[in-house]
Amino acid sequence: MGFNESSKMFVHALGIISSISKGMWEVKLQSLQEVGFSESDSLTMFKKFPFVFMASMKKIEKVKQLLLATGKFNMSSIVNSPEEYLGAALSRGLSQGCEFSKARI
């Protein structure tokens, strides 16, 4: 997948990959595509923020919709900085994450 073994995300990614089956991996990829991310986008987000594969698609979809609705973000913003935009919402809850994103604007 192109991970740098000295990257701080490498250990997290390894843990996530080892905790889900190949079938579940495919389900997650498909689910991300269903909410608007390409396979390439999904893999980019996984590399930058592996925890995206542990989150529910319902939550990811809500965060994505809220960010896009502001008009200040696009899919590229989310893909290139998933830890910043999705991470805050996924780790603190949707409303707090959105408040964090608003503060970043």
- Message: I'd like the accessible area for V27, computed on protein heavy atoms only with a 1.4 Å probe and all protein chains in place. Round to 10 Å², please.
- Response: 80
- Item | Restricting the range 30-68 to GluC sites (Glu not before Pro) in coil, as DSSP defines it, with at most 10 other Cβ within 10 Å | none
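The values are calculated or read from the model by the stated rules, or taken from the named source; none is laboratory data. Here the structure is a predicted model, which is why all the values come from computation and not from measurement. Cβ sites come from the backbone with ideal geometry, for glycine too, and all protein chains shown count toward neighbours. The area values use the complete protein model at the heavy-atom level, side chains included, leaving out ligands, DNA and RNA. Shrake-Rupley method; radii C 1.70, N 1.55, O 1.52, S 1.80 Å.
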